[in-house]
Amino acid sequence: MCGIIGYTGSQDSVPILLRGLTALEYRGYDSAGLAVLNEYGQIDLVKKKGRIAELQKALTDICVSGHTGIAHTRWATHGQPSDVNSHPHMDISNRFAIVHNGIIENYLMLKQALMNEGVLFRSQTDTEVIVHLIAKFYMGDLKAAVRAALKQLKGSFALLVLCADNPSSIVCAAKDNPLIIGEGEGENFIASDIPALLEHTKKIYRLADAETAEVTPDGIEIFGADGQRIQKAAQLVDWDVNAAKLEGNESFMLKEIREIPAALANTLARYTGKSNPLLTIDKKAFQNIDKIVIVACGTAYHAGLVGKYAIEKLVRLPVQVEIASEFRYGNPIVDARTLCVAISQSGETADTIAAVKEAKARGCVTLAVANVVGSSITYAADYSIPTLAGPEIAVASTKAYNSQLMALYCLCAHIAKVRGTLDKTALRAFYAGLKRLPALAKKLTEGDGGLIKLAASLKNEHSIFFLGRGLDYYVAMESSLKLKEISYIHCEAYAAGELKHGTLALVEEGTAVIVLLTERAIAEKTLNAVSEVKARRARVIAVAPKALDLTGAPIDKIVRIPDCPDLFAPVLSIIPCQKLAYYTARARGFDADKPRNLAKSVTVE
Ligand code: AGP
């Protein structure tokens, strides 16, 4: 949830920390701060409530510099956004400073015990207990003190620690939260995510659970849970340095919508080439199963529903799609004959990773579908396959969703091939249909398609309903999430046939209802629901393929999408809904890239 960056080297750390925070701001933006070891061997601390711009403003009035520093941009979990609750946190003697991402579940007990020992707390955060524990255990060896403190903690953390006694060293630790060390020339970097490192280095080391490290300008030492030094192979990041930059676009979300065609093409190319990752997976993982469970959250969950539909249609294997946070505590009925597929753009979503671990513990084979190479979920699962959407910075997921659908279609075709439910001719036709999608998507991602005007007419709505049946219902769910999470208008997605069983009571004159109408075989049924809401004088907007004749249908506005096989329509029908969400948020004056209360990577429960 939070963004963490550290630097140690020959440059002044402050500008590097600030640029790193800006690259990580999508991970949380309630407050920001930094701590720097100055030339006198003291730690200078500056932290402010609000966006990083507030921190930058505060730094113009004071001179802070030093070659080693840590910084943090916060998504508040414990303690309201405020200056004092911002990170970094320091001990009473101002000898240590820490930044933390995660949740310390037993912090109240630890805080009480420390207060009983006379420790004075400044903030309401869980994080502050960590720095006081380190101060308590410190006998001159910072790594040992950090390890001793970590042993007291229950919960999750990615942690950077500064100590005034160690002028060029940063000690770091990770458990159930991402922490990446970037290796430079005579300087080194640490961050919670790759975009903050890209301008400096592409050579990275990911800390695994319970590992710690000491980073200095000339060295990166990584230690296992037992404190013994370990050798870890570096990974090379294959993202372009500009991929995580705005590059002149008005926002990341709009840039990433425009990147959907390339994301689809790149993902499909991977699964239809010699480096198809599915070919590396033991066929038994797809043969010796009697069901599939898909676990995911939010947008990834909605992608999983489309995957369910495709696999059940073409493989005739039962597929359950579970919200990861429900699955992990739901005593799920899964076993060695269940394939568990976990979908996650960030690969760091705590609930989804925990669901994978729960499925593994119950004997399932686990397969992660992730957009970030080397992310935590790819280590948690038995197998992992990528989406190739490139870095997605906007909190509202768009190109990653479309790429998840593409990867799931390819997974479906692969399973159908392995289990013999699709012959070569059918498979050829299937892939031919997928190959047309990037070009068809491009027709929708360019220009605004009259959606800016439509958004202006929706911007004052108090609530908006999305309807659909079958695949259209799943796209309605994703469209509803997109619109609500960035425009803050209440939205609900409903199965078209379900509306009359209660929610129709909410529909009155002028209520905006957006209907997904791409499944031509059942379009007439969905039109019944349209007539029902129209009879209550609702305003009806439909998203439909060009070939669907809607003459005489009681629809006020039709947004057309190119024709394609019904099964693939979600890849296209979501695009006008993504754009409508964006333009509505913009019309309401909101920052679509950084919606309130949210963060890009939900690394806490
Ligand atoms: C979607 O726009 C949201 N950002 C959110 O629902 C997101 O999809 C969810 O948190 C899952 O994230 P993940 O794909 O990184 O696991």
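The values are calculated or read from the model by the stated rules, or taken from the named source; none is laboratory data. Bear in mind that the values here come from a model prediction, so they are computed numbers and not experimental data. Here the Cβ is made from the backbone with ideal geometry for all residues, glycine too, and neighbour counts use every protein chain on show. We work out accessible area using only protein heavy atoms, side chains counted, and drop any ligands, DNA or RNA first. Shrake-Rupley method; radii C 1.70, N 1.55, O 1.52, S 1.80 Å.
On average over all directions, what projected area in square nanometres does the stretch 513-565 have, based on the convex hull of its Cα atoms? It would help to have the intermediate numbers written out before the result.
Details: hull surface 13.0 nm².
For the Cα atoms of the stretch 513-565, the hull's average projected area reads 3.3 nm².
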Cα principal axis extents for the stretch 206-281, largest first, Å: 47, 38, 21
Cα Rg, Dmax (largest Cα-Cα span) when computed across the stretch 320-388, Å: 10.8, 33
More than 23 angstrom apart: percent of Cα pairs within the stretch 370-467: 49
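With r defined as the distance between the Cβ atoms of VAL241 and LYS357 and R0 fixed at 22 Å, what FRET efficiency is calculated, to the nearest 0.05?
Values: r = 34 Å, r/R0 = 1.53.
Efficiency for this residue pair is about 0.05.
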Most positive-pole-ward Cα, GLN152, ILE103, ASN528, against dipole of the chain from beta carbon charges: ASN528
Within the stretch 573-605, backbone nitrogen closer than 19 Å to the virtual label 7 Å beyond the Cα of GLU105 toward Cβ: 602-605
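Accessible area per residue for the chain in Å², computed with a 1.4 Å probe and the full protein assembly in place, what is it?
Numbers: 22910 Å² over 605 residues.
With all protein chains present, the chain gives 38 Å² per residue.
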Helix 523-534 vs. the chain, principal-axis angle (Cα, 0 to 90°, nearest 10): 80
Helix 399-419 vs. the chain, principal-axis angle (Cα, 0 to 90°, nearest 10): 70
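Please report, as a whole percent, how much of the solvent-accessible surface of the stretch 96-204 comes from carbon and sulfur atoms (probe radius 1.4 Å). Don't skip to the answer; put the middle values down first.
Values: 1910 of 3720 Å².
After summing per-atom areas, the C and S share lands at 51 percent.
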Inter-part distance where the stretch 468-524 and the stretch 124-183 are each reduced to a Cα centre, Å: 48
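Restricting to Cα pairs below 8 Å that are 6+ residues apart, what does the relative contact order work out to for the chain? Please round to a whole percent.
Details: 1389 pairs, mean separation 71.9, N = 605.
Over the chain, the number comes to 12 percent.
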Against the rule of thumb 2.2 N^0.38 Å, how large the Cα Rg of the stretch 445-500 comes out: 1.20
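Rounded to a whole number, what % of the accessible area of the stretch 402-470 do carbon and sulfur atoms account for, probe 1.4 Å? Show your work: numbers first, answer last.
Numbers: 1650 of 2990 Å².
Carbon and sulfur atoms account for 55 percent of the accessible area of the stretch 402-470.
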Unpartnered cysteines - no second Cys beta carbon under 4.7 Å - across the chain: CYS2, CYS63, CYS163, CYS172, CYS297, CYS410, CYS412, CYS491, CYS564, CYS577
Point-to-point label distance, ASP83-ASP556, nm (Cα→Cβ direction, 7 Å offset): 4.9
Accessible area in the full protein assembly, largest first, 1.4 Å probe, for TYR582, TYR473: TYR473, TYR582
Computed label-point distance, nm, for sites THR503 and VAL373 using a 7 Å Cα→Cβ extension: 4.1
Span per principal axis, largest first, for the Cα atoms of the stretch 531-605 (Å): 48, 32, 25
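So if the hydrodynamic radius of the stretch 267-322 is defined as the Kirkwood radius over C-alpha pairs, what does Stokes-Einstein give as its diffusion coefficient at 4 °C and 1.567 mPa s, in µm² per second?
Rounded, D is 103 µm²/s.
What GluC sites (Glu not before Pro) in the stretch 208-272 are in a loop by DSSP, with at most 12 other Cβ atoms within 10 Å of the Cβ? Mind dumping the intermediate values first?
On the way: sites: GLU211, GLU214, GLU221, GLU247, GLU250, GLU256, GLU259; in loops: GLU247, GLU250, GLU259.
Qualifying residues, ordered by number: GLU247, GLU250.
Keeping all protein chains in place and using 1.4 angstrom, which order do HIS462, HIS100 fall into by accessible surface area, from largest down?
Values: HIS462 160, HIS100 0 Å².
Putting HIS462, HIS100 in descending order of accessible area: HIS462, HIS100.
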Environment charge of ILE489, counting only residues whose C-beta is closer than 15 Å and scoring Lys/Arg +1, Asp/Glu -1: +4
Sequence-separation-based contact order of the stretch 385-504, relative, with Cα cut under 8 Å and 6+ spacing, percent: 18
Ranked order, LEU162, LEU18 - accessible area, probe 1.4 Å, largest first: LEU18, LEU162
Scattering profile of the chain at q = 0.10, 0.12 Å⁻¹ [log10 I(q)/I(0), Debye over alpha-carbon scatterers]: -0.88, -1.18
Compactness of the stretch 293-439, expressed as Rg and Dmax over alpha-carbon positions, Å: 14.7, 44
Neighbour net charge for ALA336 - beta-carbon separation under 13 angstrom, K R +1, D E -1: +2
Label-to-label distance, nm, for residues given as GLU185 and THR280 (7 Å Cα→Cβ offset): 3.1
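If you restrict to DSSP beta bridges whose two residues both lie in the chain, what percentage is antiparallel, to the nearest 5? Each step should come with its number before you reach the end.
Values: 59 of 99 bridges.
Here the antiparallel bridges make up roughly 60 percent for the chain.
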LYS443 - accessible surface, heavy atoms, 1.4 Å probe, Å² rounded to 10: 140
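State, to one decimal in nm², a quarter of the convex hull surface area for the C-alpha atoms of the stretch 1-156, i.e. the direction-averaged projected area. Can you show the working numbers first?
Numbers: hull surface 34.8 nm².
For the stretch 1-156, averaging the hull's shadow over all directions gives 8.7 nm².
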Acute angle (nearest 10 degrees) that the helix 424-435 long axis makes with the longest principal axis of the chain, alpha-carbon atoms: 70
Net charge over other residues, Cβ less than 13 angstrom from the Cβ of HIS87 (K, R count +1; D, E count -1): +2
Helical mean residue ellipticity (222 nm; -39500 (n - 2.57) per DSSP H run of 4+; nearest 500) of the chain: -10500 deg cm²/dmol
Ratio of Rg to Rh over the stretch 422-530 (Cα coordinates, Kirkwood Rh, two decimals): 1.05
